[in-house]
1. Within segment 106-122, restricting attention to residues that are outside any loop (DSSP other than H, G, I, E, B) and surrounded by fewer than 18 Cβ atoms within 10 Å (Cβ to Cβ), which residue is nearest to the chain's Cα centre (by Cα)?
2. Working carefully through the options ASP86, ASP54, ASP44, find the one that is over 30 Å from ASP281 (Cα atoms) and surrounded by 15 or more Cβ atoms within 10 Å (Cβ to Cβ).
3. Check segment 43-50 and report whether any residue there is touching a Gly at 6+ places or on another chain (Cβ under 8 Å), in a strand (DSSP E or B) and modelled with pLDDT of 95 or more.
4. Filter segment 18-30 down to residues that are part of a helix (DSSP H, G or I) and more than 12 Å from ASP86 (Cβ to Cβ), then give me how many there are.
5. From LEU71, LEU66, LEU18, grab the single residue that is surrounded by 17 or more Cβ atoms within 10 Å (Cβ to Cβ) and modelled with pLDDT of 95 or more.
6. Testing LEU202 on (1) loosely packed, with under 14 Cβ neighbours inside 10 Å; (2) more than 23 Å from ARG180 (Cβ to Cβ), one condition comes back false. Which one is that?
7. Only one residue in LEU145, LEU79, LEU98 is surrounded by 15 or more Cβ atoms within 10 Å (Cβ to Cβ), in the same structural domain as ARG180 (by TED's automatic domain parsing) and in contact (Cβ under 8 Å) with a residue 24 or more places away in the chain, so which one is that?
8. Show me the strands (runs of 3 or more DSSP E) found entirely inside segment 201-306 where at least 1 residues are touching a Lys or Arg at 6+ places or on another chain (Cβ under 6 Å), at pLDDT 95 or above and not polar (S, T, N, Q).
Amino acid sequence: MTLTIRPETPADYGDVGLINVRAFGERLDESLLVACLRQRPGFDPDLSLVAEHDGRVLGHIMFTPLTLRMLDADLNAVLLAPVAVDPSAQRQGLGAALVQEGHAIARRKGYSLSFLVGHPTYYPRFGYVQHVYGPPVITVAAAGLPAPDGITSRPPREADLPVLMALWEREESAVDFAIRPGAFLLDWLSINTAIESRVHILEGEIIGYTRTALREPTKPRMFLARDAQAARRVAGALAVGGRTLYLPLHVRSASASVFGEPVQQTWDAAMACPLASGAFDEYHAQLLAGQRPPGRVIWPTVFEWE
């Protein structure tokens, strides 16, 4: 099959949406995700590619530019998600061609790493390394936490962004694979109405931020605090009714020492592919040698479909 791989244009949006629906079992999630990712300020149309044969679009891949923390420094990376091939054209090399061309473009643009959650037998053939990050959890009993007296909460506002960015810097900047949020409100409000974003306020000042699925009130997806005392106060506000909390804190999160040692995990779908030599190679060497814990990804709000 003779393929043309090129950046998508607005004229392709309908075909791209339909291919993502067909490729993922007639569900809308990936198609909607693609549409939302196009609205991000960092969206790069050069990294949203289609595979075309005889004038018909048969495949699509999207790489989203993100800034990761790695070895205590910023790293320009791309997130591969999603990749879709029309069922009529699967198993003919379209997906592989899209991945390889996307890597080449990202490398020319100066991105040094691609990462994803993907099929463990498919992506390693393109250089993806498994078990490079995972979801740590700290279990926190309600007993001993301060009562939520004086704490109020509300959704974040645009005027809160400098404080939110400072909270993130304190809490997350030492965590490998932490995704640096942008200074725009959409990075702090979930696309999913069943996920609640809140700033926590004491004596008129924001002391923390959480993002929590309403069906899992004890398992916030993000937990940021101003200092150790604020971390305990925010946790106390979440633990109303004596609920045990499960906080997504990494061992290198600033608040981790307040609550104890996290349980650290990785899984074979958590993969990254170096596009250039540098920080990831050193991180991975330290990880394999047991000198550094696996990193942790908190996905941007645009990925919170479930």
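The values are calculated or read from the model by the stated rules, or taken from the named source; none is laboratory data. Predicted, not measured: the structure shown is a model, and the values here were computed from it. When we count neighbours, we look across all protein chains shown, and the Cβ atoms used for this are built from the backbone with ideal geometry, even at glycine.
1. Of everything passing the filter in segment 106-122, VAL117 is nearest to the chain's Cα centre (by Cα).
2. Of ASP86, ASP54, ASP44, the one residue that is over 30 Å from ASP281 (Cα atoms) and surrounded by 15 or more Cβ atoms within 10 Å (Cβ to Cβ) is ASP86.
3. Yes; the residues of segment 43-50 include at least one that is touching a Gly at 6+ places or on another chain (Cβ under 8 Å), in a strand (DSSP E or B) and modelled with pLDDT of 95 or more.
4. Of the residues in that region, 2 qualify.
5. LEU66
6. Against the list (1) loosely packed, with under 14 Cβ neighbours inside 10 Å; (2) more than 23 Å from ARG180 (Cβ to Cβ), LEU202 comes up short only on (1).
7. Result: LEU145 is the single residue among LEU145, LEU79, LEU98 that is surrounded by 15 or more Cβ atoms within 10 Å (Cβ to Cβ), in the same structural domain as ARG180 (by TED's automatic domain parsing) and in contact (Cβ under 8 Å) with a residue 24 or more places away in the chain.
8. Fully inside segment 201-306 and qualifying: 205-213, 222-225, 245-247.
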